[in-house]
Structures are given as structure tokens and as C-alpha cells.
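The values are calculated or read from the model by the stated rules, or taken from the named source; none is laboratory data. Note that the structure is predicted; figures quoted are calculated from it, not measured. With ideal geometry, Cβ positions are generated from the backbone for all residues, glycine too; neighbour counts draw on all protein chains shown. All accessible areas refer to the heavy atoms of the entire protein, side chains included, with ligands and DNA or RNA removed. Shrake-Rupley method; radii C 1.70, N 1.55, O 1.52, S 1.80 Å.
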Amino acid sequence: MKEQELETRRLDSARETSHLEFSDPKLFRDLLGNHDEHVKIIQRSLSVKIRIRGSNMEIEGDAVEVDLATKILKQLYGLLEKGYPVYGSDVDYAIRILSGDGRANLQDIFLDTIYISSHKRVITPKSVAQKAYIEAIRRYDIVFGIGPAGTGKTYLAMAMAVAELMKNNYVRIILTRPAVEAGEKLGFLPGDLAEKVNPYLRPLYDALHDMVDFDRAHKLVERGTIEVAPLAFMRGRTLNDSFVILDEAQNTTPEQMKMFLTRLGYGSKAVITGDVTQIDLPAGKPSGLKEAWRILKAVEGIRFITFTERDVARHRLVQEIITAYEQDEPGTEAKDKYQPQ
């Protein structure tokens, strides 16, 4: 009986209650979300209980979780004060960011506007790694973004490219990726070469049309201001005054990667993205992305940014799916696991 009492006291001592007061009733309602959606997300994710009284909150639970919930709510309110509209997805991102780094400042990340799309949607980084990625693209002429699907590697690079084009900092954008078969052969697809490779370029077109309205994008492509092409079409060219994005770089051979990197001319910038866990090259064929990491990681002026499942900017279940698959992989070697820099 005595042991149970001691355990109860220990648990009680680990619990904490935090009181928060908010001065602006309208911003407070925005903080809560529709039908208190934002509060429910925090309660579900952190296992805390949040009681709402007027424009005040009382947060109860484990001391560490209460402290984290308090930071999240205060910082989200600060974003609202700056005019940033907070959505449920932003609450998810805030939880991931501050869970990983309690010293992170959400305003430094969320208020870094990269581009406002044709749909009037503000594109900003949503994680510490995405923020580092954007800053690297601004500072370096060659940047590698390595990590799982859904971490915004290609999307953010394209947003940066379109924004820079609109500022006339570059003459053109070149979007390219290797046309490597993933379960089907190009030869079996109907049409000429251009029609055969077009399905492989579709994701690049989709991202482009998400940022620039269809008619304007079509005109830019027609004029050659934006070029979308398979990697094989880059051979023998010198790319001057261009913002170049190589997507799905894990499916390049070492020779293709070297060819691509040596195309870069004066006044150009290259962003290379890929996921080393999704290589579709034939068995025994080395990945150009992995080899570039090994050979170029110490070269000054080239920056490698790595992403993890924490940076997935899709449905929260996608993050859990990626983690589950990684844990289920038999004999995964540590050397193939890229750690954030």
C-alpha cells in the first residue's frame, strides 16, 4: 500500500498545470481553430488536457508535455499577431518542430515567404530542415536535398526557381529528371520518345502548374523560359544564367550525375533532389546521388541538406508510414542512413 502511495505521489509531482491568458479575443478564436480543431490536435499529440475559459487556457498533464504545449500555443499566437493565418497543418508542423528543437522560433520559419502562388497561397518552409534548405539555395550555387518523399525537396526548389525568375535574377528555369523505369519499360509505352518520357516529367509539370496559372506556364514553356526535359537531353549543353533542378537524382548513374553537374555555366544555380531509399536502377548499378555525396561533401560551395520523416509535409499518417517501412527493412545498413547536417 505504501509503495502505491509513493508511486502516486511521484506521478503527481511529474504533472503540471499551466495557465495562459490571451489579450485579443479574435486572435484567440483563430488560435483555437474551427470547433477547437487546433486544441484537439495538441491534446491528441501531446496527451495533455486543455480547458478553455473565456480567452484563457489551462493546460494539464506531464510536466514536459505541458511545457511543450505552452511553447506551441504561445508561438502560434505570435504568428497570428503577425498576420499569419494558422491552419491545422501548421499546428502539426509546430508540434514536430518544437518537439525536435525546443529553441526553434516558428516565426523565423513560417514567416520566411518564398513565393505566393497563382492560387494566392503563400509558400513557406514548414520545418527546421526546410528552412535550412531554403537558406542554402539562397547562398550556394549547388545544393543537394536528400530525403524521403513528401519533405518538400522539389516543391520548395521550384518555388524558389519561379520566384527568382519573376525577379529576373535568371533567364530561364530548367527542370529535369532521369527517365528510369520503375516496374515498366519505356519501349512498351506508345508514341515517340517525347511521348514516352512525358509521364516521367508529369510531377514536375504538376508542381509548376501549382505555382503559375496554366496559361502563363504554357507560354513560358512555349518560349523556352521554362524547360522541362529528361536528363539525357542535357548532354553537351552549357547552362548559363539558369536555375536548374534535377529531380529523382537517386536514379542517375555516376556518369549521368557528373555530366549534369558539369553542365552548369556562368550565373547559374543547380538544386539536386532525391531519396536514396527509392532507387530504381538495375541491381548492382551504383546511384549517382550516393556517389556525389561521397565525393563532393567536402567541396566548398556545395551544400548537402538532409531530410527525415519529421519533415514530411503531407498527411500526418505519411510520416508514420515512412517510419514503419524503415523499421521493417531487414538488414538496413547504417551507412545508407543519411543524418541531418
**Surface accessible to a 1.4 Å probe, THR17 within the full protein complex, Å²** = 70
**Request:** Among the trypsin sites (Lys or Arg not before Pro) in segment 227-298, which ones are in a DSSP loop with at most 14 other Cβ atoms within 10 Å of the Cβ? Mind listing them?
**Result:** ARG235, ARG237, LYS297
**Fill in**
The local net charge around SER118, scoring Lys/Arg +1 and Asp/Glu -1 for residues other than SER118 whose Cβ lies under 9 Å from its Cβ, equals +1
**Asked** Separation between the ARG223 and SER23 pseudo-spin-labels, each 7 Å from Cα along Cα→Cβ, expressed in nm?
**Response** 4.9
**Item:** THR253 accessible area, assembled protein chains, probe 1.4 Å, Å²
**Value:** 20
**Prompt:** Which FRET efficiency, nearest 0.05, do ASN240 and LEU281 yield, Cβ-Cβ r, R0 51 Å?
**Reply:** 0.95
**Item:** Gain on full stretching of the segment that runs from LYS297 to THR113 - 0.36 nm per residue minus C-alpha separation
**Value:** 63.4 nm
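Past 28 Å, Cα to Cα, is the threshold; run LYS120/LYS153; LYS71/LYS269; LYS120/LYS297; LYS82/LYS131; LYS120/LYS269 against it and keep the listed order. If you can, show how the numbers build up before the last one.
Details: LYS120/LYS153 21 Å; LYS71/LYS269 38 Å; LYS120/LYS297 38 Å; LYS82/LYS131 19 Å; LYS120/LYS269 26 Å.
Cα-Cα > 28 Å for LYS71/LYS269; LYS120/LYS297; rest within.
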**Prompt:** Accessible area per residue, 1.4 Å probe, Å², for segment 47-101: what's the number?
**Reply:** 42
**Item:** Separation of the ARG216 and PHE233 label points, Cα + 7 Å toward Cβ, nm
**Value:** 2.3
**Complete:** Sorted by accessible surface (1.4 Å probe, heavy atoms of the protein chains only), largest first, MET166, MET211 come out as MET166, MET211
